[in-house]
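**Q** If you scroll down you'll find the structure; I have some questions about it.
What follows draws every value from the coordinates through simple rules; no lab data is involved. For clarity, every value in this text was computed on a predicted model and none was experimentally measured. Because the Cβ atoms are built from the backbone with ideal geometry, glycine has one as well, and the counts that use them run over all protein chains shown.
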Amino acid sequence: MYITITSFNNMHGEKALKIEGIVKLVKEPDNKYDTEAIYCEMRHFGKIGYVANSVQTVIKGCMSSGRLYDKINDEYFAHIKFVSGTNAIAKILTADEYIKEVENPESDVHYLLENHEKIDVEFIRKHFGDD
């Protein structure tokens, strides 16, 4: 499953969007513009943007924030695969990919998520499968 990340055009610009970078996805149910908003966060940069959720911003073949919202925990992860300007396409990690990231002591997941037990691996396996 792939998503479009619409990045903020701020001081980080394109620097935050690096290929294979780990992005933490965080549900933002209190967002006053979109109750299915999911913001994106990266190590060293903090909040970098949102998962796209409109026909004008979702790149063809990607899942919108609204379609993704019920398929992830309150926080989850993706790998950036493609970058174009201030937008990116990221792949949602499968359960096995997530476990590999957790097992890698140098993975950014260790800096982005304080309590790995918050991630329900079986829930993710149900929606995204294994490798």
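**Q** For the residues ILE59, ILE3, what sequence is obtained by ranking on other C-beta atoms within 10 Å, fewest first?
**A** Result, fewest neighbours first: ILE59, ILE3.
**Q** Once you keep just the Cα pairs under 8 angstrom separated by 6 or more residues, what percentage relative contact order results for the chain?
**A** That works out to 31 percent.
**Q** Take the residue pairs LYS32/LYS126; LYS81/LYS126; LYS60/LYS91; LYS27/LYS100; LYS24/LYS60; LYS32/LYS91 and return only those whose Cα atoms are more than 19 Å apart. Please list the in-between numbers first.
**A** Numbers: LYS32/LYS126 30 Å; LYS81/LYS126 23 Å; LYS60/LYS91 14 Å; LYS27/LYS100 23 Å; LYS24/LYS60 22 Å; LYS32/LYS91 27 Å.
Violating the 19 Å limit, Cα to Cα: LYS32/LYS126; LYS81/LYS126; LYS27/LYS100; LYS24/LYS60; LYS32/LYS91.
**Q** Name the long-range amide H neighbours of SER64: under 5 Å, sequence gap of 5 or more, or other chain; modelled H, no Pro or chain starts.
**A** Those lying under 5 Å, H to H, from SER64: there are none.
**Q** Can you list residues whose amide H is under 5 Å from GLY49's amide H, if they're 5+ apart or on another chain and H is modeled 1.01 Å from N?
**A** PHE8, CYS40
**Q** If I take R0 = 30 Å and measure r between the Cβ atoms of GLU103 and ASN31 in this structure, what FRET efficiency does the formula 1/(1 + (r/R0)^6) give, to the nearest 0.05?
**A** Once rounded, the FRET efficiency stands at 0.35.
**Q** How large is ³J(HN,Hα) for each residue in the stretch 40-57, as worked out from phi by the Karplus curve 6.51 cos²θ - 1.76 cosθ + 1.60 (θ = phi - 60°), to whole Hz, x for Gly and Pro?
**A** Ordered by residue, 3J(HN,Hα) equals 10, 9, 10, 4, 6, 10, x, 5, 10, x, 9, 6, 4, 9, 9, 4, 6, 10 Hz.
**Q** While we're looking at this one, here's another question. Please list the non-local residues whose amide H lies under 5 Å from the amide H of ILE59, H modeled 1.01 Å from N, same-chain partners needing a gap of 5 or more.
**A** Counting only residues 5 or more places away or on other chains, the set is THR4.
**Q** For the chain, which span is the longest to avoid every loop-located (per DSSP) member of trypsin sites (Lys or Arg not before Pro) having at most 11 other Cβ atoms inside 10 Å?
**A** Counting only loop sites that pass the neighbour cut-off, the longest clear stretch is 61-131.
**Q** Please work out how much length the chain gains when fully extended from LYS71 to ARG43, using 0.36 nm per residue of separation minus the C-alpha to C-alpha distance, in nm with one decimal. Spell out each step's value before the answer.
**A** Working: separation 28, 0.36 × 28 = 10.08 nm, distance 2.34 nm.
Going from the current span to full extension adds 7.7 nm.
**Q** Continuing with this model, one more query. Counting other beta carbons within 10 Å of each residue's own, what order do SER65, SER7 fall into, fewest first? Walk me through the intermediate numbers first.
**A** Working: SER65 25, SER7 21.
Fewest to most other Cβ atoms nearby, the residues stand as SER7, SER65.
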